[in-house]
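Take a look at the structure set out below.
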Amino acid sequence: MSQEILATIPHRPPFLFIDEIKEVRTDGAVCTRTFRADEPFYSGHYPGNPITPGVLLCESVFQTGAIYLTKKLQAEGVTASDKTPVLCRIEEAKFKGMVKPGDTVTIEVKHVETLQQFHFLTGNVRLDGKVVLSIRFALALVTQTV
């Protein structure tokens, strides 16, 4: 697990679905995740023929979006330590393939627009270069209250 990821977003195992940050650009980010056969959700999600739950593939996209937004703020000189990226919209999730235990996926998000504190993005998950999930979503940067 990357220290860079842990320093960027608040997610922690067992609910961290990014292994590596490959690239952060001005318009998006690319991360990867290998789904290990020993992960506990496989024992109950189609026993005997385990499939990675679609909701977890979506979560990997949302976490990549959170990495992008946090890195974007940091690049702009904004302290992001008091901001939490929170999912506020999911649209048009399209599942086009299955991810099995042992598969490594590439997750990419692209920024579409920002309206006040709402950031609209698109994302996809690829396995062996083929899109297995495409989705549109929005994240809001919420000030932490501790």
Tilt of helix 54-75 relative to the longest C-alpha principal axis of the chain, in degrees (0 to 90, nearest 10)?
-> 30
Calculate the all-directions average of the projected area of the chain's alpha-carbon convex hull, and give it in nm².
-> 9.0
Estimated FRET transfer efficiency (Arg89, Asp38; beta-carbon r; R0 25 Å; 0.05) | 0.15
Pairs Lys72/Lys110; Lys71/Lys96; Lys22/Lys71; Lys22/Lys130; Lys22/Lys94: which exceed 20 Å Cα-Cα?
-> Lys71/Lys96; Lys22/Lys94
Between the modelled labels at Lys110 and Lys96 (7 Å from Cα along Cα→Cβ) the distance in nm is 1.2
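Taking 0.36 nm per residue of separation and subtracting the Cα-Cα distance, what length does fully extending Glu76 through Val142 add?
Values: separation 66, 0.36 × 66 = 23.76 nm, distance 1.74 nm.
Gain on extension, Glu76 to Val142, equals 22.0 nm.
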Per the helix-only calculation at 222 nm, which mean residue ellipticity applies to the chain, given -39500 (n - 2.57) for every DSSP H run of n ≥ 4 and division by its residues, nearest 500 deg cm²/dmol?
-> -6000 deg cm²/dmol
Using the Cα centre as the reference, give the magnitude of the dipole from point charges on the C-beta atoms of the chain (Lys, Arg: +1; Asp, Glu: -1; all else neutral), rounded to the nearest 20 debye.
-> 220
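None of the figures in this text is laboratory data; all of them are computed from the coordinates on show. For clarity, every value in this text was computed on a predicted model and none was experimentally measured. Every residue, glycine among them, receives a Cβ derived from its backbone with ideal geometry; neighbour counts consider all protein chains shown.
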